[in-house]
Structure formats: structure tokens, C-alpha cells
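Here's the structure, in C-alpha cells; my notes come after.
The values are calculated or read from the model by the stated rules, or taken from the named source; none is laboratory data. Quantities reported herein were computed from a predicted structural model and do not represent experimental measurements. Methodologically, a virtual Cβ is constructed for each residue, glycine included, from the backbone with ideal geometry; neighbour enumeration extends over all protein chains shown. Just the protein is used for accessible areas: all its heavy atoms, side chains included, with ligands, DNA and RNA removed. Shrake-Rupley method; radii C 1.70, N 1.55, O 1.52, S 1.80 Å.
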Amino acid sequence: MPTPSLAALPIRRLTHRDLVACADLSEDRGWPREEHKWGLLLTAGHGYGIDAPDGGLVTACVVTEYGPRDRPDLGAIGMVLVAERYARQGVGRRLMRHVVSAMGTTPLTLHATPNGRPLYEELGFKTTGRAEMVSGPFTPGDFRPRVPTRAATAEDLPAILRLDEEVFGADRTHIITRLPAFADQLRVAEDGGRIIGYAGAWPNMATHVVGPLVARDTETAQALIASLAAHTDRPLRTDIDVRHEELLTWVKRHGLRSVAFNAVMTYGIPELPGDWSRRFAPLTVAAG
């Protein structure tokens, strides 16, 4: 039988059963397999993909929605990948057009690499910010945090959810409640018994990714990063909003180095909701 054209191959919803195929696709493009992250995204979000006639996936992406289920406040697009043998044939553009159409009037956001940015601009996304990825072994040196931090408990979850919605600008309950199982660490910062920040550290290959990182101010963010680093022997990695210049300078002084810059883009809204001054790093750039 003749091989169907790429344009004729149907786009379908992906589920957790597609985790291995998604990880294979990551590996095909030279990315880490990241099965732990794929597992979270495919259960908390909606995956879209095209099956390849010769097995595996032609392309895939995941959308994580926030806010009311029937009328989301925001959708975050991530993990947009096309298999090497199908690259530069318009299939990624077709998948993205499908996703944008499927999301209707829901505002969208994504983190774009320099290579991906032209496609997203063509689809109507606008650059509204930048994030800098930093990575490396954290060396505390003489840093002595003045903001107390501790491991989060189940009793902290309601306060974490309230703080997160206030700062993020949309309800992320379905993501945040998965953090205790997804992350190796979840820690909070306090002031007078009140939670003023929280952060997770989750495993990704040889590193621990710091995210989300929500904090009252830079000093609180520093205390949370230092406390996470003190409880792991892995290098840290995180993506910090470039407007937080003081925190970026501080993490670089303590051993992390700049790896890459991504454009933060939006569709349907002029900028992200919430309070950027307290939103230091996303859970993952794929989910916002």
C-alpha cells in the first residue's frame, strides 16, 4: 500500500499510554528522554500527536490548561517536537495550527527557543518576556539565609494553593497537588508562621530542576534555592525570568552558569496574568 502523505495523517489526543513514544521522540531529536516530566504533562495536560506510518510519532506537543475546566484562563504549550525524518515538511506548523484552533478563545503561552520562535510568530504569538536557563552545582559559600525555610507538609497545601493562584494569576490546583509525588523536595518559606514562598526540586536526568519558584522577594527566593541545594548532591537547573536580575546575579555567583535564553510568548493576551515580581521560575517551561 502507498504511504499516506503527511497532510493526510490524523492528529489525535495522546495519553499516558503514549509516554514511551513521546520519550522516544525526544531522544530522536537529541533531547533527554525526560520520561518523568512527560508522565506529569500527559496526565495533568492534554497531549496531541500524529502517528508515523513506520511506527512511533511524527510529532507531539502538550497543552496544560489552568483555571475553570469549562473556560480555562490560560493554556501553556510545551514539548513541541517533530521526528528528525519528518522535519522541515510543515508538520509542526500543522500541529500547532490544530492546537491553537482547538483551544478556541483560551489565551496561550509558551517558551520558545530561537529556532522555534519564527514559527510561533507566524502563528500570531508575541514575545512578552525572556527566561534564562541556568545550571550547575550550587556552592553556598558564606551565604546565610535570613528567611526561615522548611519542608512542606500536607497541612501547608491550602496555603500554597492560595499563594500560587494569587501569583500565577490562575488556578493550578491540578498541577500543584501533584508536586508532592512529582518532586523530590517541596519546601516553604515563612514569616511569622505565614507562608511567603514555596519551591520544588524535581529530578531531570542528572540534575534537580528548581520549579515552581514563588517568593515574596529576592531574599526569599535565595533562601528557598539554598535550602533545596542543601538537600541534594545533584547540580541545580532552573529558568529564571530575566527581570529578576538580582537573583540571576546571585545564582551565578554561587556556581550556576547561563545555558540558554528562551522567549516567553503569548497569544490572545498582551502579557501573562498574575504577579511577575513574585514569580521567579516556572514548574517547567513546558507547563508554565
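A few remarks follow.
- Top-ranked residue of region 70-105 - restricted to ones that are touching a helix residue (DSSP H, G or I) at 6+ places or on another chain (Cβ under 9 Å) and assigned to a loop (DSSP other than H, G, I, E, B), ranked as least open to solvent (accessible area, probe 1.4 Å): ALA83
- Cβ pairs under 8 Å, 6+ apart, first in region 151-177 and without any contact (Cβ under 8 Å) to a residue 12 or more places away in the chain, second open to solvent by less than 20 Å² (accessible area, probe 1.4 Å): GLU165/ARG172
- If you filter region 1-33 down to residues that are in a loop (DSSP other than H, G, I, E, B) and touching an Asp or Glu at 6+ places or on another chain (Cβ under 9 Å), you find that the one that is modelled with the lowest pLDDT is THR3.
- Across region 241-283, the qualifying residues are those that are of a type in the set (Val, Ile, Thr), crowded, with 18+ Cβ neighbours inside 10 Å and under 18 Å from ARG117 (Cα atoms), and the one among them that is farthest from the chain's Cα centre (by Cα) is THR266.
- Taking the criterion of being charged (D, E, K, R) and modelled with pLDDT of 95 or more, the residues of region 86-133 that qualify are ARG93, ARG94, ARG97, ARG117, GLU121, GLU122, LYS126, ARG130, GLU132.
- Among the residues making up region 14-34, those that are at negative phi, under 16 Å from the mean Cα position of the chain (by Cα) and surrounded by 15 or more Cβ atoms within 10 Å (Cβ to Cβ) are SER26, ARG33.
- Identity of the residue in region 55-64, touching a residue at least 12 places away in the same chain (Cβ under 8 Å) and under 22 Å from LEU9 (Cβ atoms), that ends up most open to solvent (accessible area, probe 1.4 Å): GLY56
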